Amino acid sequence: MLEPLEEKTYILNLGPQHPSTHGVLRVVLEMEGEFIVKADPDIGYGHRGHEHMAENRNYLQFLPNMGRVDYLHALAFNHGYCMAVEKLIGLEVPERAEFIRVITAELNRIASHLLWVGAYLLDLGAFTPFLYCFDDRENILDLLDRITGSRLTYCFYRFGGVPQDIDQEFIDGCRAFAKRLRRRWKDYDNLVTKNIIFIERTKGIGVITKEQCRLYGLTGPMARGSGIPYDIRKSEPYSAYPLFDFEIPIGENGDIMDRYLVRMREMEQSLRIIEQALDKLPNGPIMAEKVPKRIKPAAGEVYAAVETARGEFGCYIVSQGDVKPYRIKLRVPSFANLSILPEISRDTLVADFVAILGSIDVVVPEIDR
Amino acid sequence: MTIFGSDLFRMIVGLIGVIALVSVNALFLIWMERKVAAHMQLRPGPMEVGWHGSIQTVADALKLLGKELITPAEVDRPVYLLAPIVIFLPVLVSFLVIPFAPNLIIRDMNVGVLLILAFAALTVLAILMAGWASNNKYSAFGAIRSVAQNVAYEIPLLITVMSVILMVGSFRLTDIVAAQERYWFILIQPLAFILYITCATAETNRAPFDLPEAESELVAGFHTEYSGMRFALFFLAEYTNMFIVSALATIFFLGGWRGPFLPGWAWFFIKVYAMIFLIMWFRWTFPRVRFDQLITFAWKILIPLAFANLLLTAFLMKIF
Amino acid sequence: MLSENIKKALGPLGLEKVAPGDYAKTGYHLEVAAAPNQMPAVAQVMRDQGCFLESLTALHFREHFTLVYHFAHYEELCRTVVKAVLPLGQQAPTISHIYPGANWYEREVYDLFGIRFTGHPDLRRILLPFEADFHPLLKQFEEEAEKSETKADA
Amino acid sequence: MEIPEALYDFSYVLVFLVAAALFAVGPLILAYFIAPRSFGKTRDETYECGMPILSSAWVQVAVIYYLFALLFLAFDVDVLFLFPVLLAYGKGYIWRDLVEITIFIGILSLVIVYAWCRGVFTWKRKPENL
Amino acid sequence: MIKIGLLEEALNLARANSLWPMTFGLACCAIEMMAAGAARFDLDRFGAGVFRPSPRQCDLMIVAGTISKKMAPAVVRLWEQMPAPKWVIAMGNCAISGGPFYYPTQYAIVPGADLIIPVDVYVPGCPPRPEGLIEGILMLEEKITKRGRLRKFRDVK
């Protein structure tokens, strides 16, 4: 008699060094054949102790860290942290500074989404769109480079405003870029969105229901792809966003395709915001007048949320009247977004799993902090 | 004795010629692939090593030669060591029967098509050996996928080739070219040509059917554990296989060496490299299909279409 | 109004404090204080009201931990903060059976503070290596006393 | 004595096979001699994304592959019968060979139809009705 | 094993002109590494654009980002699994010295890749620009050949 094999399942490590885990995410997969029985994400390979660091530095010293939590949408994290501290010490930001913040943050959001589209198609095996996206992204980086002085890990916003004003060249550059990107979308549509293989790979895969979104606390394009119109820019307006007219694109089915389309349409909305902001750009100071040299807020706490490219970033600061924060909790979107992975990847194929993982748009150092 | 003497001569010259062709072709194809990819991606590609990076692949080959060969501890040693050699065997033999020009053929066998098809199956075996012996999950995946994929696409490939042979009535490759004197077969068998290209792309594990080495899923697929020269042999075999399937496409559908003005061999190579360019174009344009889609595509669509094409050919031959 | 509904629903639980918050200053619409044992009930109420768990974290004080839960709602702007004071060395009940998303948050709190959650299905370390033997975000109160304020300011 | 032509063919194939093997082995031997050596405890460990391996790769593969293997076997053997037909086709008989080839392919096609109906081509983790 | 002067020199020249890096990003710097491989900067010009996912087929490990204590064993294992000859570039301040994340009570990171694996070239920056990485690769090539590239990269004015 033939003996049946003892166990039909086996364990496969996906990551931390794997082309499709976007850095150092590790997923331990229990597999049966090509099917996934159980997926257990093991995070922490990018843990750098930001929150511990916050307790050992003063408020200003912690500011550069924000560009390195989520390096793809660094300016939103700058924004969230600055907002929280400004709320804590009761600082008013001049209008022009808010406009500049919005413009740069939206540019950064487009850059982040472009990188996602490219990297995601790389996961699906298409290499060329990746380079197209990077080519477009370089244009944004050029613009931001002129203003902020760095390409990636920006530390641009200050408590009470921004340190550098934008000039005409930047404004012209933004408009030219908007024109260019709109043209490029036609290419993307033909190359990707209408591609039959892409549609087959993404339609109906990795479906997340509205209820699942709520139970796992998903935000950003993950929730919007499932049809939840939750965007902090609209639902909890901050900065200069209430002054602009834009829509929140949402999906219907909550599958990968919807998440892809939501992100693509969001780029269009971001362009709209940038153009409106450039049109309405007020004159005035870019820095609040009475910014204290030494930031020492009274005891208390504050929670400020902004919308990053991946979802809601909440900055929770507890102060005990010291120059150093007592505790800073960074509520990062990808942490919650990734926690749904075991649930939606059950009984999928490896190829689908890679596609689902990519659609979450994880930035590992952001999850691990 | 004289026949044997001339045969021996033909054999040796042919052997040297084929080895030279295989090496130069692989070096050229890899360079071409990188340049084609680069220009499709708005970048220059290799530029600094030689004129437009023309000796880049020579540097790569030399480097791989000077690279350590690691044999992991857990592998099935004999099979692991044999796999890169086995994958190389069919590559050279297939060149025996390919007519590059009217008289430029090493041995015009009457079973030419069968010889190539039979030895092509050895590639699958080598991939299975490599993947399974590596004792690496990614490799094993790649190997199993590769076998499933190759067997699924071998049937439509066979049937498609049959509809060409049906019209010629011979397995001899020179006969097939000779039969295309008035018109190329692509004109009367367009469906067969499309089917053949699809299957050939899959048989050579090229994108969008490159699942055995799907980078984003399986790291490097069946050759994940192979380093240095062993890996180079897999690479060499892959690119030479690309040449062979393109050469067959040229012979079956594009009239072989036929063409005006230029000598036969020139036309042959122009057509072959045009076909290779087409396959490269696929690779740098399409995303990868999912594995179950790949297999069911072969069974649900390609095989019925190939059958229909064969019957149609048989029927039309009776009418005309 | 959602905050009124939540207030009404939380009423029967007999919580320590249910008060409107100062949104402009703290970003909260509703501030709630509860005992750790009441947390599952509170979470159930929040879930029934359609809220999602925004974040879960802890604060380490000299005498006790404070668990901080943030809840928000997709359609209506209403952020509720629930604070539960947990004496040192005690365990808190999990809410991961109500909000599966809390699973990872509780693991993170366990990892960083060493707070154990009773009834948690899979309480392992999440960020630090499994073999780590410390909880990094615990304050070192003795050391802190030595450091002068000016030194940190520099 | 007349040497059959097929024997010449075989000699070509044999010589090329040997040459191919030598051509493949040569660089490997050369590489063995000129390449430097690395060191390290985990050098010979199986690669799995930088982690120690948790289980062997030699496990039972998904059952669906066996189904496809059987299907292929049946098909490939039958398709091989068509090869002689190709050479004989159109020589002599007017319509008989067309009818025969149609019947043969028709029966083969029924196999696909049957497998399709039974759900062989839908991938599920556990095929139910097979 | 056998060393012949001329052969060795030819091999070194080939190695320098065909440095295949591993697809291996740790944090922020990985994005700049990707940018260096992408359209504008194009590492492939120097033959260093073939990113191989498996360490068995790589020559160059670019440590791009912070090495956390949890990740350190994996980095070492991957480095050991690369076949000789192999090189390491420490890209960014984190990989050089822990960068902005190093302070006395830091518990999570390894302050510098050279504490766990031998590093050949250090590329400073937080993150370094892609030009910086290219410069680092060119320096590594000089180090390998002790001479420079096959064709000296012209200075960009």
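Within the set B:LEU42, B:LEU21, B:LEU65, the sole residue that is under 23 Å from the mean Cα position of the chain (by Cα) and not small (Gly, Ala, Ser) turns out to be B:LEU21.
Kindly provide the set of residues from the stretch D:6-50 that are more than 8 Å from every other protein chain (Cβ to nearest Cβ) and modelled with pLDDT under 75, ordered by number. The answer is D:ALA6, and nothing else. Within the bounds of the stretch B:183-193, is there any residue that is β-branched (Val, Ile, Thr), at pLDDT 80 or above, in contact with a helix residue (DSSP H, G or I) (Cβ under 6 Å, 6 or more places away or on another chain) and not in a helix (DSSP H, G or I)? No, there is no match, as no residue in the stretch B:183-193 is β-branched (Val, Ile, Thr), at pLDDT 80 or above, in contact with a helix residue (DSSP H, G or I) (Cβ under 6 Å, 6 or more places away or on another chain) and not in a helix (DSSP H, G or I). All told, B:SER163 falls short of being within 19 Å of B:ARG230 (Cα to Cα), of a type in the set (S, T, N, Q), more than 18 Å from the chain's Cα centre (by Cα) and buried (at least 24 other Cβ atoms within 10 Å of the Cβ). All of A:ILE110, A:ILE100 fail the test of being part of a helix (DSSP H, G or I), closer than 30 Å to B:PHE286 by Cβ and away from every other protein chain (no Cβ under 12 Å), apart from A:ILE110.
If you go through the stretch E:27-40 and keep only what is within 9 Å of chain A (Cβ to nearest Cβ) and touching a residue at least 24 places away in the same chain (Cβ under 8 Å), you end up with E:ALA27, E:CYS28, E:CYS29, E:ALA30, E:ILE31, E:GLU32, E:ALA35, E:ARG40. Would it be correct to say that E:SER68 is within 14 Å of chain D (Cβ to nearest Cβ), in contact with a His (Cβ under 6 Å, 6 or more places away or on another chain), farther than 21 Å from B:VAL58 by Cβ and buried (at least 18 other Cβ atoms within 10 Å of the Cβ)? Yes.
For the stretch C:32-108, the strands (runs of 3 or more DSSP E) that sit wholly inside it and include 2 or more residues that are out of contact with any strand residue (DSSP E or B) (no Cβ under 6 Å at 6 or more places or on another chain) and buried (at least 17 other Cβ atoms within 10 Å of the Cβ) are C:51-60.
Counted as qualifying within the stretch A:287-369 are the strands (runs of 3 or more DSSP E) with 3 or more residues that are farther than 23 Å from A:ASN108 by Cβ, namely A:300-308. Take the residues in the stretch C:116-136 that are surrounded by fewer than 22 Cβ atoms within 10 Å (Cβ to Cβ) and under 27 Å from C:CYS51 (Cβ atoms), then tell me which one is nearest to the other protein chains (Cβ to nearest Cβ). Residue satisfying both the conditions and the ranking: C:ASP122. Taking B:LEU248 and the conditions (1) without any contact (Cβ under 8 Å) to a residue 12 or more places away in the chain; (2) closer than 19 Å to B:LEU157 by Cβ; (3) not charged (D, E, K, R), which numbered condition does it fall short on, given that it satisfies the others? Just one mismatch for B:LEU248, condition (1).
Among B:ALA148, B:ALA179, which is the only one that is farther than 26 Å from B:LEU29 by Cα, modelled with pLDDT under 85 and surrounded by fewer than 21 Cβ atoms within 10 Å (Cβ to Cβ)? Checking each option against the conditions leaves just B:ALA179. Residues that are crowded, with 24+ Cβ neighbours inside 10 Å, more than 14 Å from chain D (Cβ to nearest Cβ) and more than 20 Å from the chain's Cα centre (by Cα) do not occur anywhere in the stretch A:18-38.
Taking the criterion of being at the interface with another protein chain (Cβ under 7 Å from one of its Cβ atoms), surrounded by fewer than 18 Cβ atoms within 10 Å (Cβ to Cβ) and part of a helix (DSSP H, G or I), would at least one residue in the stretch B:24-31 satisfy it? Looking for residues that are at the interface with another protein chain (Cβ under 7 Å from one of its Cβ atoms), surrounded by fewer than 18 Cβ atoms within 10 Å (Cβ to Cβ) and part of a helix (DSSP H, G or I), one finds none in the stretch B:24-31, hence no.
Scanning the stretch C:85-108 for residues that are free of Cβ contacts under 8 Å to residues at least 12 places away in the same chain and more than 14 Å from chain A (Cβ to nearest Cβ) turns up just one, C:GLY89.
Residues in the stretch B:53-87 that are assigned to a helix (DSSP H, G or I), at the interface with chain E (Cβ under 7 Å from one of its Cβ atoms) and closer than 13 Å to E:CYS58 by Cα: B:ASP60, B:LYS63. Of the residues making up the stretch E:1-31, those that are in a helix (DSSP H, G or I) and either out of contact with any Gly (no Cβ under 8 Å at 6 or more places or on another chain) or farther than 19 Å from E:MET139 by Cα (or both) are E:GLY5, E:LEU6, E:LEU7, E:GLU8, E:GLU9, E:ALA10, E:ASN12, E:LEU13, E:ALA16, E:CYS28, E:ALA30, E:ILE31. Please verify whether B:ARG34 is at negative phi, surrounded by 16 or more Cβ atoms within 10 Å (Cβ to Cβ), of a type in the set (Lys, Arg) and assigned to a helix (DSSP H, G or I), treating the condition exactly as stated. Taking the combined requirement at face value, the residue satisfies it. Entry remark, the stretch C:37-59: residues being under 25 Å from C:LYS139 (Cα atoms), at the interface with another protein chain (Cβ under 8 Å from one of its Cβ atoms) and in contact (Cβ under 8 Å) with a residue 12 or more places away in the chain number 3 in total.
The values are calculated or read from the model by the stated rules, or taken from the named source; none is laboratory data. The structure presented is a predicted model; accordingly, all values stated were derived computationally and were not measured. A quick note on method: Cβ atoms are made from the backbone with ideal geometry, for glycine too, and the neighbour counts reach across all protein chains shown.
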